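Data first, discussion second: the structure below is written as C-alpha cells.
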Amino acid sequence: MIAELGHYALVLALALALIQSWSPVVGARKRDVALMKLADSTALAQFAFVALAFAALTYCYVASDFSVANVYENSHTQMPLIYKFTSVWGNHEGSMLLWVLILAIFGALVALFGGNLPAPLKANVLAVQSWIASAFYLFILLTSNPFRRLAEVPVEGRDLNPILQDFGLAVHPPMLYLGYVGFSIAFSFAVAALIEGRIDAAWARWVRPWTLLAWMCLTLGIAMGSYWAYYELGWGGFWFWDPVENASLMPWLAGTALLHSAVVMEKRNSLKVWTILLAILTFSLSLIGTFLVRSGVLTSVHTFSNDPARGLFILLILMVFIGGSLALFAWRAPLLKQGGLFAPISRESALVFNNLFLATACATVFVGTLYPLVLELLTGDKISVGAPFFNLTFGPLFVPLLIAVPFGPLLAWKRGDLYGVAQRLLAACAVAMVGLAAVFAFEGAQSVLAPFGIGLALFVMAGAVTDIAERIDLRSMSIEIIGRRAAGLPRSAWGTAVAHFALGVTLMGLVSASTWGSERIIALKPAQTVTISGYDLSFDGMVNRDGPNYRETAAHFTVRKSGSVIGIMEPSKRVFPSRDGMSTSEAALLTRGVSQLYLSLGDNNADGSIAVRLYHKPLVLLIWLGALVMALGGALSLSDRRLRIGAPKPATRIVAQPAE
Amino acid sequence: MTRKQRRLILIGSSLGVLAFAVALVLSSLRDSIVFFNSPTDIADHKAAPGKRVRLGGMVKMGSLERGDNLQIRFEVTDGNKDIPVSYHGIVPDLFREGQGVIAEGHVEPGGTFTADTVLAKHDENYMPREVVDTLKKQGHWQETSAPNAAPVKAAAK
C-alpha cells in the first residue's frame, strides 16, 4: 500500500510540475498576478508530494518490504539501520528519486524565500525549474520506477553492494546532488533572464547565494567522495581521474568560475553575457555528469545498472536542455546591454583571468573524459585516458591561476595598480621563498616540482592573510582600529580570504601526500615487523569476528615509534554471505596530526603469511581539511547580510533594456 | 583605451590561453592514452613490445599461480587465445579465476604480459564492458552473466 502511495504521489508531482511549466510563463507574459502566484503553491505542493514519495520508499526500506523490487535488490534484514536509510539512494532508481527530491526542495525554497524577486522573474524561474522537474519525473516513472512490485515476495533481500555499506554513502551522494541540482537554480535564473531579455546587477545578487550554496555542497560532496574512495578502495589513492570523478569536477570548476564572474556582474554590472553562459554551462555539466554516471556509458563504482532505454532518455533530456538553453542564449543574449568598462589591470580583469583559466581547465577535463567515448564511437578503438594526461594538462593551467589568486582581492575595481599590489604581497612572497628553500634544504632535490608546489601553497595562504591584514589595517598596530575594522569587514570578504587560504591548504596536502608518501607491499607472518617512515608495525596475529551481515577476519598490528607503542591498527577483510561471499577490504588508518598511516590487507598465502599494503601519507588530511575550510569560507560569505537569500532589495536598480 | 582595444586585449589573451591549452591537450594525448587489447590482439602482435596497453579478458580457470614475495602469474583468455600475465603486488578483492579482468602494463618480447595494474570488477554480478565486448566478439559470451562493470583498481609500483 505504502509503495503505491509513493508511486501515486510521484505521479501527482508530475502533474503539478506540468501545470507549473506553463502557467507562470503565461502569467509573466500577460502580467497576470494570479497565474504567476500559482507557481508558488505548485512548487510547495510538488515538494510535499516528492517528499511523500521519498518517505514511502524509505519506509519500504526500513520495514524491509521485499515485495518492492528495489528493496529486494538492495537491502537485507540483517543490515544495520543506518544503511537501510542510506541504501534508499544506493541504487539507480532511489538515487534519481533523491535527485528530484532535492530539485523540489530548491523549487520550494525559491517559492518561499524569493519574495523580494520581481514577480515575473520569480514566475519564470519556477517555470524553468518545473521543466527540469517534469523531465526527471517522467524519466523516473517511465524507465526507473523505484516502487515496482515483485509478483512473488522473496523472504530475504539481496543486500546492498558491500562497498556501499559505509557511512560515506550517507554523506557523499546527498551533498553531491545538492551541488549538482543547486546549480539548476542558477540555470533557471539565466534562462528566465533570457526569456525576459533583461538582466541587471540585482540579478547577480539574487543568483549568487544559490550558486554559493550549491558550490559549498558540491565541494563537500567531492571531498567526501574522495576521502571515501581513499579509505574504502584499499590502495591509498585519493583522486584517480576516473571519468565519474571528472563528471563531478567539471561542474565544480564551472561553478567556481560562475561564483567569481557573478561578483563582477553584481559589483560592476559587467560580464553579463558571460555570466549567463556560465550559469547555463555549469548546470549542463551537472546534467552531463548525471548522464555519464547513470547511463552506463562509463564503467565505475557508480554504475548500478545498465539499461539502454535509460541512457537514451537521459541523452534526450541532455539534448533538449543543453541545446535548448544554448539556442535561447544565442538568440537572446545580443539583447543584453553591455555593462561597465574596466582596464586590463583591475579586479575585473583578475576575475576574468580566473574565469579564463578555470573554464580552460574545465575544457581539458571535458576533452580527456569524453575523448575515449567519441573515439570508440568513431573508430571502434578502445582507449583509456589516465592520470598522466590530466596531470600534464590540468597542472600547467592551474599554476598561473594559483599564482594570481592572492593578487585578485588586492586589486582595485576598474583600474588597479599591479606594482602596488606586488609590493603589498612582498611579505607573502618572502614566506613562500622561505618555505621553498626549507623544503629544498630538508628534502633535497628528489622532486624538483614539490618545493615549488609547497612554495605556491604558502604564497596562496600568506596572500589570503595579507588580504585580511590590509583590510583591517594590521600595520596601524592599534588594537582599537584593528578591532573596529575587523568587525566592520563584510563577511563576504572574510569568506573570500578563508576560501583562498583553504585552497593553499589543499594544495599543500596534495603536494606532500603525492611526493613524500612512502609505500610498502610485503608478505608478513605473525610476529614479524615491518618499518615505514620511522614507524614499526608488528603483526600480532589474525582475529575472527562476526558483524551484523558479514564475517570479518582482521589482522592485529601494534604500531611503535622509537620503541613506544602509539596505537593499534586492525585492517580487515569482510565476507558477505548474502552477496555470494563477496568480500571487501577495510583499510586501517592511524592519524598522527594531519598525516596518516594506511594499512590494507591482501591475500593469504599458502605459507601462512598475509599480504599487506602499507602507506605513510604525510599531511594527507590537509587535502580534505582544505575542502572543508573552503566550504566554510562559502558559508561565511553566504551569511553576509547583503547576500542573504531574503536580503532586502538594493536601493538603486539598474534597469537594462526591456524585452524586444 | 577604447572599448574596442580593451575587447581586443581580452579576446587576444583568451585565444592565447586556449592555444596553450590545445597544445597541452594534443601533446599529452599523444603520450598518455592507453589502448585496450584482447588476448587475440596481443597474440596477433597488435601491440608493440614495451608499449603501454590494457589487456582484458577472463582469468583462465586453473591458470593462477602464486609465487614467493607476492609474485603472481595467471592467463587471460578470450576463449580464442591465452596470454600469460605476470604481476607483482596485491590483486583486488574480486580477482578470481573465471572472472573478468583488465591488466595494464606492457608486452615482453617473449610474448608474456607484465602488468603493473590489475583491475577487477566491483561487484559479483558485473564485468568490465570492454571484456564483455571481447568475449562477444569471440562468441564466448553467455547472456546469463549480467553485463556491465565497475572496475576496482589495484596498483603496484
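Seen from a random direction on average, the alpha-carbon convex hull of the protein assembly as shown projects onto 37.1 square nanometres.
For B:Lys137, the lysines whose Cα comes closer than 18 Å to its Cα, not counting residues fewer than 8 places off in the same chain, are A:Lys382, B:Lys46, B:Lys60, B:Lys81.
Put the Cα centre of the stretch A:37-95 next to the Cα centre of the stretch B:45-76 and the gap is 44 Å.
Among the listed pairs A:Lys37/A:Lys267; A:Lys573/B:Lys51; A:Lys525/A:Lys617, a Cα-Cα separation exceeding 26 Å is found for A:Lys37/A:Lys267; A:Lys573/B:Lys51.
Assuming charge only on the beta carbon of Lys and Arg (+1) and of Asp and Glu (-1), the dipole of the stretch A:518-617 about its Cα centre is about 240 debye to the nearest 20.
Take each residue in A:379-390, count the other chain C-beta atoms within 10 Å of its C-beta, and the mean is 5.
Averaging the Cα positions of each part gives two centres, and for the stretch A:492-525 and the stretch A:210-285 these lie 19 Å apart. Looking at the protein assembly as shown alone, DSSP beta bridges between its own residues are antiparallel in about 95 percent of cases. Ordering A:Val594, A:Val25, A:Val434 by the number of other Cβ atoms within 10 Å of each residue's own Cβ, fewest first, gives A:Val434, A:Val594, A:Val25.
Protection proxy ranking of A:270-279, A:60-69, A:145-154, by the mean of other Cβ atoms within 10 Å over each peptide's residues and highest first, is A:270-279, A:60-69, A:145-154. Given R₀ = 35 Å, FRET efficiency for A:Ala438-A:Ser564 by Cβ-Cβ distance, to 0.05? According to the calculation, E is roughly 0.80.
Where only DSSP H runs of four or more residues are counted, chain A gives -21000 deg cm²/dmol as its mean residue ellipticity at 222 nm, each run worth -39500 (n - 2.57). The mean sequence distance of close C-alpha pairs (under 8 Å, at least 6 residues apart), as a share of the length of chain A, puts its relative contact order at 13 percent. Extension gain, A:Gln446 to A:Ser478: 0.36 nm times the residue separation minus the Cα-Cα distance gives 6.9 nm.
Listed by chain and number, the aspartates and glutamates whose C-alpha is less than 20 Å from the C-alpha of A:Lys337, apart from same-chain residues fewer than 8 away, are A:Glu196, A:Asp200, A:Glu266, A:Glu348, A:Glu660. Taking other Cβ atoms within 10 Å as a rough exposure proxy, B:Phe113, A:Phe139, A:Phe440 sort from fewest to most as A:Phe440, A:Phe139, B:Phe113. In the stretch A:518-617, a dipole from Cβ-located charges (positive for Lys and Arg, negative for Asp and Glu) runs towards its positive end, and of A:Thr584, A:His616, A:Val543 it is A:His616 whose Cα lies farthest in that direction.
Rule-based calculations on the coordinates, nothing more; no lab input. Just so it is clear, the structure is predicted and the values come from calculations on it, not from any experiment. Cβ sites come from the backbone with ideal geometry, for glycine too, and all protein chains shown count toward neighbours.
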